[in-house]
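Notes to accompany the following structure.
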Amino acid sequence: MTTSPDPTFGRELIARGVAVVGLAGVALIHLLDSLGKFQETPYMGWMYIALMLSCLAAAAALIHTNSRAAWLATLALPASAIIGFTLTRTVGLPQAHDDIGNWSEPLGLASLFVEGTLIAVAGYALTALRPVHALSGRRRTSLATAR
């Protein structure tokens, strides 16, 4: 008996590919912006490093599996960066008040675009693609074999 392929498999691969490129983009944008952060506000430089490494780890996880945890990280990491960007532009952060009101910085706008796209893709993946729970050991089955 021949089973038909899972109709969501192609969409899953595309979503994972877009997310991997987006996560790498977030890491790159923050790498480019981090050059002066360690002199200005060292704690923000370390937050950038944590964000970059976390984005790369989430990207690596998505390369290997369609796990719910990887998709949740893909949603949470850019959301945290958007929150940080918004705080620095509105009320400022400790020792970082220079960017209040500076909404038109090109790297910041690029970051918001990539991060917003990642949130949308991760939201789609979590709701429509039904990622597996990585710790459960369950393998994804096609819709045809699940019937």
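Summary of computed values
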item: Built amide H within the under 5 Å cut-off of T8, gap 5+; result: none
item: Computed magnitude of the charge dipole of the chain (debye, nearest 20; Cβ of K, R +1, Cβ of D, E -1); result: 940
item: Degrees between helix 42-64 axis and first principal axis of the chain (Cα, 0 to 90, nearest 10); result: 10
item: Ascending count of other beta-carbon atoms within 10 Å, so fewest first, for I49, I83; result: I83, I49
item: Pairwise Cα inverse-distance average, inverted: Kirkwood Rh of the range 71-123 (Å); result: 11.5
item: Chymotrypsin sites (Phe, Trp or Tyr not before Pro) lying in DSSP loop within the range 1-105, provided at most 14 other Cβ fall within 10 Å; result: W103
item: Local net charge near G36, Cβ-Cβ under 14 Å (Lys/Arg +1, Asp/Glu -1); result: -4
item: Charge sum, other residues only, whose C-beta stays under 15 Å from V91's C-beta, Lys/Arg counted +1 and Asp/Glu -1; result: -1
item: q = 0.19, 0.30, 0.32 Å⁻¹: log10 I(q)/I(0) that the Debye formula gives for the range 42-81, counting C-alpha atoms only; result: -0.52, -0.97, -1.04
item: Helix-only mean residue ellipticity at 222 nm for the chain, each DSSP H run of n ≥ 4 adding -39500 (n - 2.57), per residue, nearest 500; result: -23500 deg cm²/dmol
item: Shape call, the range 9-133: gyration tensor on alpha carbons, a/c limit 1.5; result: prolate
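Where a number appears in this text, it was derived from the coordinates with a stated rule and is not lab data. Note that the coordinates shown come from a computational prediction; the quantities given were computed from them, not determined experimentally. Quick reminder, even Gly has a Cβ in these numbers, built from the backbone with ideal geometry, and neighbours come from all protein chains shown.
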